[in-house]
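The structure appears below as structure tokens.
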Amino acid sequence: MRIDIITVLPELIQGFMQESIVGRAQKKGLVEIYIHNLRDYTLDKWRRVDDYPFGGFAGMVMQCEPIDRCISTLKAERHYDQIIFTTPDGEQFNQPMANSLSLCENIIILCGHYKGIDYRVREHLITKEVSIGDYVLTGGELAAAVMADAIVRILPGAIGDEQSALSDSFQDKLLAAPVYTRPAEYKGWKVPEVLLSGNERLIKEWELQQSLERTQRLRPDLLSDDATIDSKKEYKRK
Ligand code: 6GU
């Protein structure tokens, strides 16, 4: 998979992409991530990429030309499955969207600035508008990093244990069960007995029951969805 990120603040994303699972996934060759400085695509001699808005509104607006030149350069080299714009008024990012984007061959993420981009870019160049939640960030860079992280970590091989990405909270619309490690008792705080039993069937049952209980208590909205019922049945069969 290949992810191209277009931004006016490349330094903000660069460090993040070199660390952790995302950094490792790149070294393993599972994903290529390229960060493009929008200023490299302007024809303006001062490298400006924004201008005053028509209509006399407040603030500056990112111009069509540098964005179009950057996206066109990329599109001339390969087909892109999605050209995503990060914006608080976009479709809410969630696990199913991360799953579906992780199946793409090539995607572009254009980092938006709220109120700050010529609308014609959104009408003519963008195929998907995405928000990471109902709050306003100063720019789309953090949103792009969040999306890239969620997409890359589920690529096969990105996480050591194949199973672990699939048993994440939200992956089956249930919150994950608690996990514990050694020692079995610390300051009198005990690990649930069943986990020490070695009985795989009982442990699986406990895990599902914990997932359901925690989801009911913390995120009852997730259980109202029909898909949850199916995933529970599926889980029981395993
Ligand atoms: Cl994608 N961008 C900005 N600027 N703010 C946001 C967001 C995106 N998602 C939530 N808030």
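The values are calculated or read from the model by the stated rules, or taken from the named source; none is laboratory data. In this text, all values refer to a predicted model and were calculated from it rather than measured experimentally. Quick reminder, even Gly has a Cβ in these numbers, built from the backbone with ideal geometry, and neighbours come from all protein chains shown. Just so you know, the surface numbers come from the protein's heavy atoms only, side chains and all, with ligands and any DNA or RNA stripped out. Shrake-Rupley method; radii C 1.70, N 1.55, O 1.52, S 1.80 Å.
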Residues meeting the amide H criterion for ILE109 (H placed from the backbone, H to H distance under 5 Å, 5 or more places apart or on another chain) are ASP4, ILE5, ILE6, ILE84
With DSSP loop assignment and no more than 15 other C-beta atoms within 10 Å, the trypsin sites (Lys or Arg not before Pro) in the stretch 28-103 are LYS28, LYS45, ARG47, ARG48, ARG78
If the chain between ALA58 and ASP161 were fully extended at 0.36 nm per residue, the gain over the current Cα-Cα distance would be 32.0 nm
Any aspartates and glutamates whose Cα falls less than 17 Å from that of LYS27, other than same-chain ones fewer than 8 residues away, would be ASP4, GLU19, ASP149
1/(1 + (r/R0)^6) with r = Cβ-Cβ of SER197 and LEU223, R0 = 41 Å, i.e. FRET efficiency to nearest 0.05, evaluates to 0.90
Relative contact order of the chain (C-alpha contacts under 8 Å, at least 6 apart) in percent is 19
Within the stretch 130-225, DSSP-loop trypsin sites (Lys or Arg not before Pro) with at most 12 other C-beta atoms within 10 Å are LYS187
Binned at 10 Å starting from 0, the alpha-carbon pair-distance distribution of the stretch 1-97 in whole percents comes out as 13, 35, 37, 13, 2
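From the square roots a ≥ b ≥ c of the eigenvalues of the alpha-carbon gyration tensor of the stretch 43-100, which class results: rounded (a/c under 1.5), prolate (a/b over b/c), or oblate? Show your work: numbers first, answer last.
Numbers: a/c = 3.62, a/b = 1.36, b/c = 2.66.
Judged from the Cα gyration tensor, the stretch 43-100 comes out oblate (a/c at least 1.5, b/c at or above a/b).
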Taking only C-alpha positions in the chain, Rg and Dmax in angstrom work out to 21.9, 70
Expressed as a whole-number percentage, the relative contact order of the stretch 1-64 with C-alpha contacts under 8 angstrom and at least six residues apart is 31
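Per the helix-only calculation at 222 nm, which mean residue ellipticity applies to the chain, given -39500 (n - 2.57) for every DSSP H run of n ≥ 4 and division by its residues, nearest 500 deg cm²/dmol?
-11500 deg cm²/dmol
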With DSSP loop assignment and no more than 13 other C-beta atoms within 10 Å, the chymotrypsin sites (Phe, Trp or Tyr not before Pro) in the stretch 1-66 are TRP46, PHE54, PHE57
Debye calc, one equal point scatterer per Cα of the stretch 118-195, no solvent, log10 I(q)/I(0) at q = 0.14, 0.26 1/Å comes to -0.76, -1.23
Compactness summary of the stretch 1-56: radius of gyration and Dmax from Cα atoms, Å, are 15.3, 50
Whole-percent carbon and sulfur contribution to the accessible surface of the chain (1.4 Å, no ligands, DNA or RNA) stands at 53
Neighbours of LYS128 by Cβ distance under 11 Å: Lys/Arg at +1, Asp/Glu at -1, summed charge -2
Ignoring ligands and nucleic acids, LEU218 exposes an accessible area, probe 1.4 Å, in Å² to the nearest 10, of 80
The stretch 120-188 accessible area per residue, 1.4 Å probe, protein heavy atoms, integer Å², reads 57
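For the stretch 91-217, what's the relative contact order in percent, using C-alpha pairs closer than 8 Å and at least 6 residues apart? If you can, show how the numbers build up before the last one.
Numbers: 85 pairs, mean separation 29.9, N = 127.
Answer for the stretch 91-217 is 24 percent.
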